[in-house]
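Reviewing the structure listed below.
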Amino acid sequence: MGATHLPSTEFDGTDIDDQLEAEAEAQLGAPAEPMVQLLGPDGTLGSDPVFSKYAEKLDPETLRGFYADMSKIRRFDVEATALQRQGQLALWVPLTGQEAAQIGSGRASQPQDYIFPTYREHGVALTRNVDLAELLRQFRGVSNGGWNPKDTNFHLYTLVLAAQTPHAVGYAMGIQRDQRLAAANAVGEAGQSAEPKAAVMVYFGDGASSEGDVHESMVFASSYQAPVVFFCQNNHWAISVPSSVQTRVPLANRAKGYGFPGIRVDGNDVIAVHAVTEWALEQAREGNGPVLIEAFTYRVGAHTTADDPTKYRGSAEEGLWRAKDPLERLEKYLRAEGLADDAFFEQVRADGDELAAYVRKTTHDLETPDIRTAFANTYVEAHPLVAEELAWFEEYSAGFADEEPANADQTDKAAR
């Protein structure tokens, strides 16, 4: 059945159908909006009719901070990868190439906003003041998390693809209801709520975008106008599956099907990412509903340290994206505008090495927890089945206890 032969509905050609179409077009624009880019690969700053005004607010100190953050998190990534290769971590998930997408979006958030990451948002963690050494506790296998989300409004990493998206929407709906209650109480008291408006931002990749959790989350977010920003880092590879298999259209276009704005931004342009994310979070905080951001970027390294990308992609592709390096383009701009000199970049490198040394020492100093804590943490209260399993484990472990051999003297003489 072709598109021209699809069955009609009772709304086709009616006023309500035409009105809904007009409203959708007015709010969302054309289905294939161009990608937002402000800072090109050559370090030249361009303009955008909507987002340039956000970029203009960035002072030199903030721009230098963007570069310092990106450089620091790349150095951290290199160190964490080395720690895994040396047997200090069970696994590591590299982020190299995606620094601008993470630093730009993370720095656009405000302290009251709540962030739901996946397992690669090390740069976002940096912007939320999470101790980066704590990120490694989970990858070393000594903790189920590593930090207290209440301290930074940055949730624990989620290893199950897209599982965090319904959590994020539910949390956003909770914020929405709390703010409505606070506003109602403020009106009753003839005052205004002192609490700043908040939003939620949830991260996921192009591969996770194919999970049902993402679609179900967007349905709920749209239906309830939840204050949530969906931030998709399209790094072009879901392990070995290219993004072209995940979707036949730009991922940002999917938002239109749910009835809210979708924006595609150059994910290697930290200035554009920051501007787009700041706008999207403002929309969410002000009650205008959700926004989908597709950050068009690239995973330069492996999916994880258990992956070998040379098995499924060529070096030419990687080289093409290395030319779009987010750090290099910002460095070109800072130097061209006289906003940073050699001393600044040298200090940034030194700070990165200092962070790497701290992370390495902290990781080596981590103590392996007693496996009995796994039994203790299974249930809140004592459970007979867990107690039975613990007793079996104790008996089993006792079988490996060192015992002095009966012919110890003979063994000692033989050794001499």
message = Please enumerate, by chain and number, the lysines with C-alpha under 25 Å from the C-alpha of residue 311, excluding those fewer than 8 residues away in the same chain.
response = 324
key: Using alpha-carbon coordinates, inclination of helix 15-28 to the longest axis of the chain, degrees   = 60
note = Sorting 278, 195, 328 on solvent-accessible surface, 1.4 Å probe, most exposed first, gives 195, 328, 278
note = Expected vector for the stretch 123-136, Karplus 3J(HN,Hα) from phi with 6.51, -1.76, 1.60 and θ = phi - 60°, integer Hz, x for Gly and Pro, equals x, 5, 4, 4, 5, 9, 6, 7, 5, 4, 5, 5, 4, 7
inquiry  = Running a GNM on the chain with Cα contacts under 10 Å, which residue among 58, 132, 281 ends up with the highest mean-square fluctuation?
reply    = 58
query = Between residue 114 and residues 5 or more places away or on another chain, which pairs have amide H atoms under 5 Å apart, with H built 1.01 Å from N, and which residues are they?
reply = 199, 200, 201
key: Cross-link pairs 197/332; 53/150; 150/197 - those with Cα-Cα distance over 27 Å   = 197/332; 53/150
query = Probe 1.4 Å, all protein chains in place: accessible area of residue 332 in Å², nearest 10?
reply = 90
remark   = Sorted list, accessible surface of protein heavy atoms, 1.4 Å probe, largest first, for 292, 385 is 385, 292
remark   = Sequence order, the stretch 52-64: Karplus ³J(HN,Hα) from phi using 6.51 cos²θ - 1.76 cosθ + 1.60, θ = phi - 60°, Hz rounded, Gly and Pro as x, gives 4, 5, 6, 5, 5, 7, 7, 8, x, 5, 5, 5, 5
ask   = Straight-line reach from residue 361: which lysines have Cα under 18 Å away, leaving out those fewer than 8 places along the same chain?
value = 72
remark   = Nearest 10, in degrees from 0 to 90: the angle of helix 270-285 to the longest Cα principal axis of the chain is 70
message = Between helix 326-336 and the chain, what is the angle of the helix's C-alpha long axis to the longest principal axis, kept within 0 to 90° and rounded to the nearest 10?
response = 60
query = Once the other residues with Cβ under 13 Å from the Cβ of residue 158 are scored (Lys, Arg +1; Asp, Glu -1), what is the net sum?
reply = -2
message = With every protein chain left in place and a probe of 1.4 Å, what is the accessible surface of residue 282, to the nearest 10 Å²?
response = 60
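In the stretch 116-185, what chymotrypsin sites (Phe, Trp or Tyr not before Pro) fall in a loop by DSSP, with at most 16 other Cβ atoms inside 10 Å? Write out the running numbers ahead of the final one.
Details: sites: 119, 139, 147, 154, 157, 171; in loops: 119, 147, 157.
Answer by residue number: there is no such site.
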query = Looking at (i) 31, 28, 21; (ii) 43, 29, 23; (iii) 36, 26, 19, which value of semi-axes √(5λ) of the Cα gyration tensor in Å comes from a calculation on the structure shown?
reply = (ii)
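How much mean residue ellipticity at 222 nm does the chain get from its helices, if each DSSP H run of length 4 or more adds -39500 (n - 2.57) and you divide by all residues, to the nearest 500 deg cm²/dmol?
On the way: 18 runs with 206 residues, N = 416.
Estimated from H runs of four or more residues: -15000 deg cm²/dmol.
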Vicinal HN-Hα couplings computed from phi for the stretch 85-99 (Karplus, 6.51 cos²θ - 1.76 cosθ + 1.60; Hz; Gly/Pro x) = 5, 8, x, 8, 10, 6, 7, 9, 10, x, 10, 3, x, 10, 5
task = Taking amide H positions as placed in the peptide plane 1.01 Å from N, state which residues far from residue 259 in sequence (5 or more) or on other chains have amide H under 5 Å from it.
result = none
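Taking all protein chains together and a probe of 1.4 Å, list 99, 61 from the most accessible to the least accessible.
On the way: 99 0, 61 135 Å².
Accessible-area ranking of 99, 61, largest first: 61, 99.
If you take every DSSP beta bridge whose two residues both sit in the chain, what share of them, in percent to the nearest 5, is antiparallel?
Details: 3 of 25 bridges.
Rounded to the nearest five, the antiparallel share is 10 percent.
The values are calculated or read from the model by the stated rules, or taken from the named source; none is laboratory data. What you see is a predicted model, and the numbers here were worked out from it, not measured in a lab. All Cβ positions, glycine included, derive from the backbone under ideal geometry; neighbour counts span all protein chains shown. Quick note on the areas: whole protein, heavy atoms, side chains included, nothing else; ligands and nucleic acids left out. Shrake-Rupley method; radii C 1.70, N 1.55, O 1.52, S 1.80 Å.
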